[in-house]
Structures are given as structure tokens and as C-alpha cells.
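Please read the structure below before turning to the comments.
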Amino acid sequence: MAKDLRISYLLDFYGEMLTVPQREAVDAYYNQDMSLSEIAADRDISRQGVRDAIKRAEQLLCDMEDRLGLAKRFEEVQAALVAVCDCALDIQELTALRGGDTEIDERVGAILELCKVIAEKE
């Protein structure tokens, strides 16, 4: 079974919506890099049972992302924050080249600080 590392990412967003056994199996397989056999032995179930649980969980995670789009939205917000910070830094640099302006520097600093606060909340 080839690992789709996107599943590990989706687990961060939607993992709480899975059953505990599904979440634990997916976490063990993707995040702890355990084999299906190791997970089966650890949980005292068959290797096929582990595989089935992981496959069902993968499908659920992908379905949730298709419906809700939280991971995609997160990536879009992060990209927008980077673009805003880049623009603010460009403004700061252009202002410095033109002799500087403390009011602009203060506002650029405020923009960068707000971006930092938003990024920490995301």
C-alpha cells in the first residue's frame, strides 16, 4: 500500500471526526511510520483489518476535504499572508530608499505584526 502523505496532513484537520481506532491506525501508519503488520500486532487484529480501517479512514478524510475544503483554505490563507508580508517588506524597502518615513515604517510594522498574529492563530 503506497503512502499518500497528504493523508497525514488531512489527519491534522479532520482526525477528530474519525473513530478512535481509525485515527490511531492512520496516525501509526502515516505519522509513526509503522507497518500494517506492526499496527496489527500492537492492536491484536489482523493485518487486513488494519488495512481496511486505514483505507476507510483515508476515504473519509478525502471526502471531508472535498466537502469542507479546510486544508485548501488554510493553504490559501497562508499564501495570502506571505504575499501581504512580502508587499509590506517591499514598501518598507522602497520607503527606506527614498529617505524613509517613520509613519510608513510604523504602519508596515503594524501590518507585519497583524500577519504574525493571524499566522499563529491558523
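The values are calculated or read from the model by the stated rules, or taken from the named source; none is laboratory data. Please read all numbers here as calculations on a predicted model, not as lab measurements. Counting neighbours? That spans all protein chains shown, and the Cβs are built from the backbone with ideal geometry, glycine included. These accessible areas exclude ligands, DNA and RNA; they are computed on the full protein's heavy atoms, side chains included. Shrake-Rupley method; radii C 1.70, N 1.55, O 1.52, S 1.80 Å.
Of all residues in the stretch 69-108, those satisfying the criterion of being among the charged types (D, E, K, R) and in a helix (DSSP H, G or I) are LYS72, ARG73, GLU75, GLU76, ASP86, ASP90, GLU93, GLU103, ASP105, GLU106, ARG107. Scan the stretch 48-64 and give yes if some residue there is within 15 Å of the chain's Cα centre (by Cα) and surrounded by fewer than 17 Cβ atoms within 10 Å (Cβ to Cβ), otherwise no. Checking the stretch 48-64: at least one residue is within 15 Å of the chain's Cα centre (by Cα) and surrounded by fewer than 17 Cβ atoms within 10 Å (Cβ to Cβ). So is ASP63 in a loop (DSSP other than H, G, I, E, B) and under 16 Å from ASP4 (Cβ atoms) or not? In short, no. Inside the stretch 12-32, residues that are more than 17 Å from the chain's Cα centre (by Cα), open to solvent by less than 70 Å² (accessible area, probe 1.4 Å) and charged (D, E, K, R) make up a count of 0.
Would you check which residues across the stretch 33-47 are part of a loop (DSSP other than H, G, I, E, B) and surrounded by 15 or more Cβ atoms within 10 Å (Cβ to Cβ) and list them? Passing the criteria: MET34, ILE45.
Selection within the stretch 1-11: residues that are among the hydrophobic types (A, V, I, L, M, F, W, C) and surrounded by 12 or more Cβ atoms within 10 Å (Cβ to Cβ). The member of this set that is nearest to the chain's Cα centre (by Cα) is LEU10. Considering only residues in the stretch 1-32 that are in contact with an Asp or Glu (Cβ under 8 Å, 6 or more places away or on another chain) and either part of a loop (DSSP other than H, G, I, E, B) or among the small types (Gly, Ala, Ser) (or both), the one that is farthest from GLN48 (Cα to Cα) turns out to be GLY15.
State whether the residues of the stretch 46-64 include one that is in contact with a Leu (Cβ under 7 Å, 6 or more places away or on another chain) and farther than 17 Å from ASP27 by Cα. For the stretch 46-64, residues in contact with a Leu (Cβ under 7 Å, 6 or more places away or on another chain) and farther than 17 Å from ASP27 by Cα: absent.
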